[in-house]
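Written out below as structure tokens is the structure these notes cover.
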Amino acid sequence: METKSVGRSISAVPAADAPTEQKQVEERREIVKAVKAINETELFGENYELTFVLDRETHRPLLRIIDRQTREVIRQLPPEYTLRLAEQMGVG
């Protein structure tokens, strides 16, 4: 499974926000661990895997089911159109 860095530099965050940022980093680590555990069970079949990424524009977490061989996104939560709509509305 391909994993990507989900943390941001804590040194760039003001001291008042450091506990909140640390909590987010810990939550993301827990999500990554859960995704790895799910993939080990082959819950989605041997040809698919669950991945966790951050959307580049909104910085929101995304869960994707990926074809292991083609790397094609089979399903994404939340869907792309939902992310773009939220971005256009200024939500998040």
Discussion item. Given points 7 Å out from each Cα along the Cα-Cβ axis, report the residue 54 to residue 85 separation in nanometres with one decimal.
Written reply: 2.5 nm
Practice prompt. Mind checking the full-extension length gain between residue 26 and residue 77? Use 0.36 nm per residue of separation minus the Cα-Cα distance, one decimal, nm.
Written response: 16.3 nm
Worksheet item: Put a dot 7 Å past each Cα toward the Cβ at residue 36 and residue 68; how far apart are the dots in nm?
Response: 1.7 nm
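Each reported figure results from applying straightforward, stated rules to the coordinates on display, with no laboratory input. Fair warning: this is a prediction, and the values are worked out from it, not measured in the lab. Please note: Cβ atoms are built from the backbone with ideal geometry, for glycine as well, and neighbour counts cover all protein chains shown.
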